[in-house]
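Peer 1: After the structure tokens below, expect a handful of questions from me.
The values are calculated or read from the model by the stated rules, or taken from the named source; none is laboratory data. Remember, predicted model here, so these are calculated numbers, not experimental data. Glycine gets a Cβ as well: all are built from the backbone with ideal geometry, and neighbour counts include every protein chain shown. With ligands, DNA and RNA removed, areas are computed over all heavy atoms of the protein, side chains included. Shrake-Rupley method; radii C 1.70, N 1.55, O 1.52, S 1.80 Å.
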Amino acid sequence: MAFEIEQTKALSAKLNAKFVKSRTKNGFKLSYIEGWHAISEANRVFGYDAWDRQTVMSKCVWEGSEFGKRTCSYISRVRVRVRAGNTIVCREGSGAGNGSGNTPGEAHENALKESETDAMKRALITFGNPFGLALYD
């Protein structure tokens with residue numbers, strides 16, 4: 001791998017607990033980092049101009065109404081590419097998102113953004129602790 005020494009140290013460093021959030025889903029406590037933090041860490045570790053993300057696929061898999069609101073669910077696949085010297089490291093992740101809103105557009109926008117962010121975080125997590133890998137310890 002062509003990562004610089006500083007980058008390798010950053011990728012193996014401990015995850016700062018102040019960036020870990022949690023929520024309860026189906027009776028289980030889930031820990032996660034927020035999407036903005038994953039992007040910020042990618043910019044810090046790799047350089048804002050040395051990585052990019054591409055949405056490879058997004059698909060609405062369900063839509064309807066619940067409690068008077070429009071709701072829908074999306075799945076997405078995102079590819080993250082990091083330039084490390086003369087090497088391009090490519091990782092992909094899949095994610096899902098649910099959205100609701102007063103209009104169909106609002107519901108679809110919310111679900112699509114959530115699924116893309118989830119997929120991006122799953123691709124970035126393969127690079128190490130700053131992206132939440134430590135949450136699986």
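Peer 1: Charges at C-beta only: +1 for Lys and Arg, -1 for Asp and Glu. How large is the resulting dipole of the stretch 1-130 about its Cα centre, in Debye rounded to 20?
Peer 2: Taking the Cα centre of the stretch 1-130 as origin, the dipole is about 380 debye.
Peer 1: If you rank ARG44, ARG23, ARG77 by how much accessible surface each has, with a 1.4 Å probe, what is the order from largest down?
Peer 2: So, going from the largest accessible area down, we get ARG44, ARG23, ARG77.
Peer 1: Leaving out ligands and nucleic acids, note down the accessible area per residue over the chain with a 1.4 angstrom probe, in whole Å².
Peer 2: Averaged over the residues of the chain, the accessible area is 61 Å².
Peer 1: Report, to the nearest whole %, how much of the accessible area of the chain belongs to carbon and sulfur atoms, 1.4 Å probe, protein only.
Peer 2: The computed percentage sits at 50.
Peer 1: Arrange the residues THR55, THR71 by how much accessible surface each exposes, largest first, with a 1.4 angstrom probe.
Peer 2: Putting THR55, THR71 in descending order of accessible area: THR55, THR71.
Peer 1: Grab the other residues whose beta carbon is less than 14 angstrom from that of VAL82, score K and R as +1, D and E as -1, and report the net.
Peer 2: Every neighbour counted, the sum reads +1.
Peer 1: How much accessible surface does GLU41 have with a 1.4 Å probe, in Å² rounded to 10?
Peer 2: Its accessible surface works out to 20 Å², give or take rounding.
Peer 1: With a 1.4 Å probe and all protein chains kept in place, how much accessible area does LYS29 have, in Å² rounded to the nearest 10?
Peer 2: My reading of the accessible area for LYS29 is about 150 Å².
Peer 1: Could you state the number of Å between the C-alpha centres of the stretch 34-68 and the stretch 1-28?
Peer 2: 16
Peer 1: Then there's this: Sort ILE5, ILE33, ILE75, ILE125 from largest to smallest accessible area, using a 1.4 Å probe on the heavy atoms of the protein chains.
Peer 2: Greatest to least solvent exposure: ILE5, ILE75, ILE125, ILE33.
Peer 1: So what's the back-of-envelope 222 nm ellipticity for the chain, counting only DSSP H runs of four-plus at -39500 (n - 2.57) apiece and dividing by all residues, rounded to 500?
Peer 2: Theoretical 222 nm ellipticity from helices: -9500 deg cm²/dmol.
Peer 1: Let me ask something additional. Could you compute how fast the stretch 85-136 diffuses translationally, taking Rh as the Kirkwood radius over C-alpha pairs and applying Stokes-Einstein at 25 °C with viscosity 0.890 mPa s? Give it in µm² per second.
Peer 2: The diffusion coefficient I find is 198 µm²/s.
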